[in-house]
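For reference, the structure discussed in these notes is given below.
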Amino acid sequence: MKNLITRTITGVLLVAAILGAIFVSKLVFAALFFPVCALALWEFYTILQSYSNPQKYPGLAAGLIVYTVLSLYAFGMAGPKWLAMLIPVIFFLFIFELFSKNPRPIDNLALTFLGIIYIALPLSLLNFFFASPFVDQSGLPTLPAGVFIITWLSDTGAYLVGKQFGRYKLYDRISPKKTWEGVAGGVVVAYLCGYGMTFFDQVLNLFHWMVVTTLIIIFGTLGDLIESKFKRSLDLKDSGNLLPGHGGMLDRFDTIFLSIPFIYFYILIFH
């Protein structure tokens, strides 16, 4: 019970901060997720040190530069030439590895790049949801708000239903606490939320919201399982303890990391 209360308080504060940032300003939202990106990258590289030696500081710097440049580009505050800046930033990591004393340079570089692709890139794409074709004529950012609301409430539904009625394991080898009953509960809540978003959002119609909801369900669940597999391979229960009741940043945003790229691609191509 105590863990549930702690989890709920942390969740409510996090939801309030993110939704508040979404509706206050896109710049406020981007500024909020800058430290989220930094902390998630730091957490990722830290837990991997038991396996190899990714470039913690250069990787963190490169990831934050990627996040910043792509965010400014998304807001129309940086032109295409700024994107070229990312080329030397990325390739500088090879030079850093040359002068390191780590005995496994290929592993180290691969894990450093993995952090940028897995964390910085999808968090950067979130900022594109504040630009055309992702906002309606009123300019209200209902799409990013809806994506977060569906994700959160789906997670909550899965957690509560699984805890109360969970019996059949979803993927016992990777995540023994997740059950098919929990997944079913999360799916029902997600589709109800997706349907509800059609009353507030003018960007996507019912069909598109159902597709987006499906992408959140499928790739959010896979993202959760992927992070669970990472932790299990490193013999970890949580990626950190920064968020009471939720673990670390990776534990809280693992569903977002995988679902956002697919949602962005779908809306950009098919909407």
Exercise. To one decimal place, what Kirkwood hydrodynamic radius in Å is obtained for the chain from all pairs of distinct Cα atoms?
Worked result: 19.5 Å
Exercise. Mind listing the phi-derived Karplus ³J(HN,Hα) values for region 43-48, rounded to whole Hz, using 6.51, -1.76 and 1.60 with θ = phi - 60°, and x for any glycine or proline?
Worked result: 4, 4, 5, 5, 5, 7
Exercise. Taking the Cβ of residue 140 as the center, what net charge do the other residues with Cβ under 12 Å away carry, scoring Lys and Arg +1 and Asp and Glu -1?
Worked result: -1
Seminar exercise, completed: For the chain, averaging the sequence separation of alpha carbon pairs under 8 Å that lie six or more residues apart and dividing by its residue count, the contact order in percent is 20 percent
For this session: On a C-alpha basis, how far is the centre of region 1-73 from the centre of region 194-234 in Å? Whole number, if you could?
Result: 19 Å
Problem set entry | Cut-off under 5 Å, modelled amide H: who pairs with residue 170 long-range | 178, 179, 180
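FYI, it's all coordinate maths here, none of it is from the lab. No experiment lies behind these values; they were computed from the predicted model shown. Here Cβ is always computed from backbone atoms with ideal geometry, including for glycine, and neighbour counts include all displayed protein chains.
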